1. How long are the semi-axes of the ellipsoid equivalent to the stretch 450-503, from square roots of 5 times the Cα gyration tensor eigenvalues, in whole Å, largest first?
2. If one takes the longest principal axis of the Cα atoms in the chain, at what angle in degrees, from 0 to 90 and to the nearest 10, does the Cα axis of helix 438-450 lie?
3. Under a point spin-label approximation (7 Å from Cα along Cα-to-Cβ), what is the ASP137-GLU96 distance to one decimal in nm?
4. When N counts the residues of the stretch 5-93, how does its alpha-carbon radius of gyration compare numerically with 2.2 N^0.38 Å, as a ratio?
5. Evaluate E = 1/(1 + (r/R0)^6) for LYS533 and ILE577, where r is the Cβ-Cβ distance and R0 equals 35 Å; express this FRET efficiency to the nearest 0.05.
6. On a 20 Å Cα-Cα criterion, which of the cross-link pairs LYS338/LYS433; LYS107/LYS153; LYS44/LYS72; LYS107/LYS450 come out too long?
7. Here are labelled values, (1) 0.99; (2) 1.10; (3) 0.95, and one is the computed Rg/Rh (Cα atoms, Kirkwood Rh) for what I pasted. Which one?
8. Apply the a/c threshold of 1.5 to the C-alpha gyration tensor of the stretch 258-297 and tell me whether it is rounded, prolate or oblate.
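The numbers here are math on the coordinates, done by the rules we state, and not lab data. Because the structure is a prediction, the values reported are computed rather than measured. No Cβ is skipped: glycine too gets one built from the backbone with ideal geometry, and neighbour counts run over all protein chains shown.
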Amino acid sequence: MKKDTYKNKATFLEKLKTKSKREANLFFSLCEDDSEIVNTKKFKEVLLNSGLKANDKRLYNLFQNLDAHGDKIVFEDFIDIIRSSELIVEKSLRGELSIPDFSYFAKNLDSMFDEVKKIKTGELASYIPPLAEVDPDQFGVAIVTADGQIYQKGDSNVDFSIQSMCKPFNYCFAMERLGLEKVHQHVGQEPSGRQFDDLTLLAKTAIGDLQGEHAKDNRNGKSSRVPFNPMVNAGAIMTAGLIGPEESHSQRLRYIRQQFGRLIGWSPKDDFGAELPRFNKNMARQENFTGYNNIAMGYLLMATGNLPHTKTKLHNDIHPDEDEFDFYTEPAVTEALKLYFSICSLEMTSVNFATAAATLANSGVNPLTQDRVLSQKTVRNCLPVLQTSGMYNASGTFFQQVGLPAKSGVGGGVILIVPRLMGICIFSPRLDKQGNSVRGIEMARRITSKYLVHTFDGTMTDTDRLDPKIPISKWRANSCGEAIWAASNGNIRTLERLVSEQRDLQNGDYDMRTPLHLASAEGQLEAVQFLLKQGVKPIPDRWGGYGYFDAKNNNHKEIVKEFEKLDIDYTQASHLIEDPNGKTDKMAIYDDELAVIELLFAASENNVEGIRNLVAKGIPVHAGDYDSRTALHLAAAEGCLDVVEYLVTHGHPLFVRDRWGATPLDEAKREKRKSVINYLKDLIN
């Protein structure tokens, strides 16, 4: 590396910006070493690390161009290459995809998966023979975001029987054809509170209708006897009966398979995406042989008068035996049941079903193909019913604990929808007493315990749980940055608001500098008094210093008196400054204070990807915080050599000085970070 690299990079960036500022920042964030080019392999790696896949249809032309271009890309070629996928590339490089810190997210999910995999409780579904024959130890998790990022672990590419997981989608397909009002002339919306295949969901209804009791609603003349909702079997059979009743079984099943295909990325126009869901004929036959409750429900539905059918004119009895007659079976009942059994017998993988769930999360648009499969109105009408009724008679408990629209099936699958963010599918065949996957439920609980995705998490200010929609460094910055800036500026109103939100005002930054430190250093007496009154206790920073000495060294006498009222033995900070009068470089001033803190948090955690995202947004690598600390100070202090190299090769000056006069090399020496010391010395000498 050339010794003057760090001097030339800033000039190179400014030269690029004269051509195109937005693309210049993207290109510059990818540059490495002392070159002014982007490495093709590294570019691909950055895209894939963001959760995108090489077989993503949206990136097909981009990867084709990269493969044809060679190992190195100059700026002009870069602009041409990204043109076919510019929006998704920009969002990826800037950390603006649905889950920006995807690598960290995946790491957390991996840990959860490994723990949940140890659970062996539950039993296989046995009332349908093929379900009793699956491997009980299978376990797969897949997540697809609204931007098409994909996480998968374990048996995520294993086909499994979707069973009742088809119900919310059948409901959507029926609404797309008939509309909400027409569908709910035949099926209800309320939770049943009973087992999914309980005959009492319809038995009383049918008998009442046959006896002429309440057969018609006096207000509109329509039958008031409908099954509870589309998520229990009675409602699901009715919903299946509503989809193309005038068509043949083959036509109806083909339509359903194609609609599911579009949900998971299949297209009739090309072979690039997913395949159509597999139809397991043996499973459907076994459902027919053993589904006595479902068959009974079909006839009870017919008895209510709500199952769509064509009035059949009975033929004359032609049986020759006077003791026999031609027994009639209503075709509408058998066709509705046959279609319902067939749909339940479709098979998909966890990745397939996570994509379908992501389509619901994305308001009906498949995130991978950009195909609008369902209208926004249909999705909006489906999710509330799914929220209240999707997990059988455990729906209330699940809603309270997990708080997401979800649907399970006795095949062992569970899907969850996080609106506007992601779809989740968990597959593990062992079931609890309610018919829900044991591991699936536990995995769902762990996800919402770690991440702020519960429907009502917007009412909380929980700093212990992560928001997956923001990078981890930004989350850390948000947890302390606003309070620190408010304290340093004496903004009591903001501090009062943070207290009302139950924020921890004792939280420190990457240097363990707290709001009390900064209020003391800047002479904000009222802020110091407010913080102490709130019970904030003085604690030492990275260098062992207390706010007491921040105030004393800056001659803030009234604040010193406030600290002296406390019974604490304060220590003074121990900084290492080898050459206080040596060369000094300027740090950059950047208006977005929280973005600067995010940059420094990323540097302190060796998070090169996080820093690259911020550089792609145009944030200077040498932006300084309230203590004039820069990313290079933090990377040097923590021994993060990867970040140090990235910062230097992207123009970070070496002799920036913090509030106390320390350079990054001083910080590395104080913390005894040998690799960083050697690297910086080599550049300076």
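1. On the way: eigenvalues 102, 38, 9 Å².
Rounded to whole Å, the semi-axes are 23, 14, 7.
2. The angle comes out near 30 degrees.
3. 4.7 nm
4. Numbers: Rg = 12.8 Å, N = 89, 2.2 N^0.38 = 12.1 Å.
The value comes to 1.06.
5. Details: r = 35 Å, r/R0 = 1.01.
E(calc), rounded to 0.05, equals 0.50.
6. On the way: LYS338/LYS433 27 Å; LYS107/LYS153 11 Å; LYS44/LYS72 12 Å; LYS107/LYS450 12 Å.
Violating the 20 Å limit, Cα to Cα: LYS338/LYS433.
7. Of the listed options (1) 0.99; (2) 1.10; (3) 0.95, (2) comes from this structure.
8. Values: a/c = 5.51, a/b = 2.92, b/c = 1.88.
Prolate, since a/c reaches 1.5 and a/b exceeds b/c.
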